[in-house]
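Enquirer: Take this structure, written in structure tokens, and hold onto it; I'll ask about it next.
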Amino acid sequence: MDLAIIVMLTSFGATLGGRGQGLMIALQQGLRRSALLISAAVFAAAVATFAAAFLGAWFAAQLVGFARAALIGTAFVLAAIELIWPVRQIAIREPTRSLGAIILALLVKQLIDAPRWIAFAAAAMTIDPLKAGLGVWIGSSLALLAGWIMPSMMAFERRVRWLRGAIACLALG
């Protein structure tokens, strides 16, 4: 199977119930359902994903052998830790209406989440940041879109936690 498809499916599952999706759903509930909100979330996911992918490819190009394998393994371990770490959903009482602030908040939430570590590791394995980044970006954007379309999916938090745990085991394996 192609790398982009594998990381797309993995990042879709890793984004479900994550911090970025939770923030987007909370903003959607505080504001009204807006196409600008999902556009901001997808844009922030693109920036965070391609930054992680290009950084992973750059670091991997500097290393060889065991050091490169250790870098990739560390990225997968960090992805697994982030997936297992409990996600607390904070109710937003008075959300900002500034698009720049929303993009910045979503970007900060998404910079260190599991799909970005997966993009980092996949790009470091293949030194092809475009393919790895594109797969992770599409997968996480689809999960963000699912949360935007159906914000009640956070009610299935227990099932999503099991899925995130299974993906964490996959990342550790």
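The values are calculated or read from the model by the stated rules, or taken from the named source; none is laboratory data. No experiment lies behind these values; they were computed from the predicted model shown. All Cβ positions, even for glycine, are placed from backbone atoms using ideal geometry, and neighbour counts span all protein chains on display. Heavy atoms of the whole protein, side chains included, go into the accessibility calculation; ligands, DNA and RNA do not. Shrake-Rupley method; radii C 1.70, N 1.55, O 1.52, S 1.80 Å.
Enquirer: About the Cα centre, and with charges only on the beta carbon of Lys, Arg (+1) and Asp, Glu (-1), how big is the dipole of the range 28-161? Nearest 20 debye, please.
Expert: Computed charge dipole of the range 28-161: roughly 360 debye.
Enquirer: Ordered by packing density, taken as the mean number of other Cβ atoms within 10 Å over each peptide's residues, highest first, how do 30-37, 143-150 rank?
Expert: Result, highest mean Cβ count within 10 Å first: 143-150, 30-37.
Enquirer: Moving to a separate point now. Work from the charge dipole of the chain (Cβ charges, +1 for Lys and Arg, -1 for Asp and Glu, about the Cα centre) and give the residue of Leu111, Ile149, Leu71 farthest towards its positive end.
Expert: The listed residue farthest towards the positive side: Ile149.
Enquirer: Once phi is turned into θ = phi - 60°, what whole-Hz ³J(HN,Hα) does the Karplus curve with 6.51, -1.76 and 1.60 give for every residue of the range 59-72, x standing for Gly and Pro?
Expert: Whole-Hz 3J(HN,Hα) from phi for the range 59-72: 4, 5, 5, 7, 10, 9, x, 5, 5, 5, 4, 5, 5, 5.
Enquirer: Still on this structure: Let's test the formula: R0 of 35 Å, r as the Cβ-Cβ distance of Ala61 and Leu163. What FRET efficiency results, to the nearest 0.05?
Expert: E(calc), rounded to 0.05, equals 0.60.
Enquirer: Percent relative contact order of the chain, based on C-alpha pairs within less than 8 angstrom and at least six residues apart? The partial results should precede the final answer.
Expert: Numbers: 276 pairs, mean separation 80.4, N = 173.
Once divided by the residue count of the chain, the mean separation gives 46 percent.
Enquirer: Can you work out the Karplus-derived ³J(HN,Hα) for every residue in the range 120-137? Use 6.51 cos²θ - 1.76 cosθ + 1.60 with θ = phi - 60°, whole Hz, and x for glycine or proline.
Expert: Couplings: 4, 5, 5, 5, 5, 5, 9, 6, 10, x, 5, 5, 5, x, 5, x, 5, 5 Hz.
Enquirer: Which values of log₁₀ I(q)/I(0), to two decimal places, follow from the Debye formula for the range 1-148 at q = 0.13, 0.16, 0.17 Å⁻¹ with a uniform point scatterer at every Cα?
Expert: Each listed q corresponds, in turn, to -0.54, -0.77, -0.86.
Enquirer: Okay, next question. Sorted by mean Cβ packing within 10 Å, highest first, what order do the peptides 66-75, 113-122 take?
Expert: So the peptides 66-75, 113-122, ranked by packing, come out 113-122, 66-75.
Enquirer: Here's something else I'd like to know. Sorted from largest down, what three extents in whole angstroms do the Cα atoms of the range 78-147 have along their principal axes?
Expert: Extents along the principal axes, in whole Å: 44, 26, 20.
Enquirer: Where the accessible area of the range 1-147 is counted over protein heavy atoms with a 1.4 Å probe, how much of it, in %, is carbon and sulfur?
Expert: On the way: 5200 of 7200 Å².
Within the range 1-147, the accessible surface is 72 percent carbon and sulfur.
Enquirer: Calculated FRET efficiency, Ala70 and Gln29, Cβ-Cβ r, R0 30 Å, to nearest 0.05?
Expert: For R0 = 30 Å, the calculated efficiency reads 0.10.
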